[in-house]
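Asker: Take a look at this one; I'll ask things after.
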Ligand code: ASP
């Protein structure tokens, strides 16, 4: 950064961090960005050159959709060369989906995209939003020993940790430490200082320019297994018109029932060209289909292993791969690659 002030762009999408209580209904509603910065005068003490863009209107992240991801990605693309880093303020509910989606959409990313939000609105006395915002700005401005960006990926900053975006999951509706990446170490631990874990940070060797993939194909879905699922229910879901990809959320190390009707329904869907990815319902660990017959039968039926990928990364990776217009065979091939650090192979 050659001694100049870091230039950071804040993209405010909404979420609790910027909400205020409606005096009549007492429910929290998104408010505008001026209010947000007014409540964190400390931001002005950072010697950074900060600009901002906001969603109009700001939204509760329960309303987030791929078109909003495109809006964020296009803001980043439009201002990529003008800023050292980007901070995205976002609701916590779907933050892990947005972080995962952006990690795929922003190909060849070499700058920090730090997503944060809070559990309590920034105007509340005990808010976690103030610290999260300030730390996110500091992480976005951090440099490595060669003066390049310390973080060159999409990451979630929340309370005491910086997590890889496409490895993160919202773990708590109440705790300030609301996020975790259960199968990957923290990129940084936030305490008295910001201690980066250099070995965990993502580094791409190529210096190719940023390429944004805007098309996300939403003909994908989750099917969550549970004891007692009926054949008619499974077949109905597998027969969803237009569906191209399914993230099958299985038990334990990637197991599902090995009843004939179940395996037949799954094999028939695979034969129709539907890509089915096996992802565990467990928050920690991954799919090991050779461990049990029940998992093995799924693999034999043509279901591919999601290894230790999160559900959020799995579904958004499918949207991205189908969005590129790839045929099922190629989608399967890339589901078996780590594109940007989302899976351990
Ligand atoms: N419903 C809010 C949202 O995701 C929750 C939050 O921000 O914590 O936008």
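Asker: Apply the Kirkwood formula to segment 288-342: the hydrodynamic radius equals the inverse of the mean of 1/r over all pairs of different alpha-carbon atoms; give it in Å with one decimal.
Answerer: 12.1 Å
Asker: For the chain, set up a Gaussian network in which alpha carbons nearer than 10 Å are linked by springs, and say which option among 106, 120, 234 fluctuates the most.
Answerer: 234
Asker: Of 329, 159, 312, 21, how do they rank once you tally other Cβ atoms within 10 Å and put the fewest first? If you can, show how the numbers build up before the last one.
Answerer: Numbers: 329 9, 159 17, 312 25, 21 14.
So the residues, fewest neighbours to most, are 329, 21, 159, 312.
Asker: Expressed as an acute angle from 0 to 90° and rounded to the nearest 10, what is the orientation of the C-alpha long axis of helix 95-105 relative to the principal long axis of the chain?
Answerer: So the inclination is approximately 80 degrees.
Asker: Could you tell me the distance between the Cα centroids of segment 226-299 and segment 17-70, to the nearest Å?
Answerer: 40 Å
Asker: Checking a compactness column here: for segment 148-190, what do you get for Rg(Cα) / (2.2 N^0.38 Å), N being the number of residues? Before the final figure, lay out the partial values.
Answerer: On the way: Rg = 10.2 Å, N = 43, 2.2 N^0.38 = 9.2 Å.
Segment 148-190 yields a ratio of 1.11.
Asker: Something else about it: If you count the DSSP beta bridges with both ends in the chain, what percent of them are antiparallel, to the nearest 5?
Answerer: For the chain, the DSSP antiparallel bridge percentage is about 35.
Asker: To the nearest µm²/s, what D does Stokes-Einstein give for the chain at 20 °C and 1.002 mPa s, using the Kirkwood radius over alpha carbon pairs as Rh?
Answerer: Here the translational diffusion coefficient equals 102 µm²/s.
Asker: Tell me, 33, 222 in order of fewest to most beta-carbon neighbours within 10 Å?
Answerer: In order of increasing Cβ crowding within 10 Å: 222, 33.
Asker: Next up: So how tilted is helix 129-141 from the main axis of the chain? Cα-based, degrees 0 to 90, rounded to 10.
Answerer: 90 degrees
Asker: A further question follows. Would you mind telling me the antiparallel percentage of the DSSP bridges in segment 1-112, rounded to 5?
Answerer: Within segment 1-112, antiparallel bridges account for around 20 percent of the total.
Asker: Would you calculate the convex hull of the Cα atoms in segment 1-123 and tell me its volume per residue in Å³?
Answerer: 103 Å³
Asker: Within segment 122-137, list the residues whose amide N lies under 17 Å from a label point set 7 Å along Cα→Cβ of residue 174.
Answerer: Within reach of a label on residue 174: 128.
Asker: Once you have a ≥ b ≥ c as the square roots of the Cα gyration tensor eigenvalues for segment 79-119, tell me rounded if a/c is under 1.5, and otherwise prolate or oblate according to whether a/b is larger than b/c. Write down the numbers at each step before the final one.
Answerer: Details: a/c = 3.30, a/b = 1.49, b/c = 2.21.
Oblate, because a/c is 1.5 or more while a/b does not exceed b/c.
Asker: Residue 198 versus residue 261, label points 7 Å from Cα toward the beta carbon: distance in nm?
Answerer: For the pair residue 198/residue 261, the computed spacing is 5.9 nm.
Asker: Using mean Cβ contacts within 10 Å as the protection proxy, how do 204-215, 121-132 order, highest first?
Answerer: Going from most to least packed, we get 121-132, 204-215.
Asker: Can I get the semi-axes of segment 41-83's equivalent ellipsoid? Compute them from the C-alpha gyration tensor as square roots of 5 times the eigenvalues, in angstrom, largest first.
Answerer: Largest first, segment 41-83 gives 24, 16, 7 Å.
Asker: How long is the gain from residue 292 to residue 79 if the chain were fully straight, where each residue apart is worth 0.36 nm and the alpha carbon distance is subtracted?
Answerer: 71.7 nm
Asker: Fewest first, what order do 320, 226, 12, 202 take by the number of other Cβ atoms within 10 Å?
Answerer: Neighbour counts put them in this order, fewest first: 226, 202, 12, 320.
Asker: To test your reading of the geometry: what angle, between 0 and 90 degrees and rounded to tens, separates the Cα axis of helix 66-79 from the longest principal axis of the chain?
Answerer: 40 degrees
Asker: I would also like to ask the following. Test of understanding: express the Cα radius of gyration of segment 184-339 as a ratio to 2.2 N^0.38 Å, with N the residue count.
Answerer: So segment 184-339 has a normalised radius of gyration of 1.17.
Values in this text are rule-based calculations from the coordinates and carry no lab data. From a predicted model like this one, the values you see are computed outputs, not experimental measurements. Neighbour counts run over all protein chains shown; Cβ positions are idealised from the backbone, glycine included.
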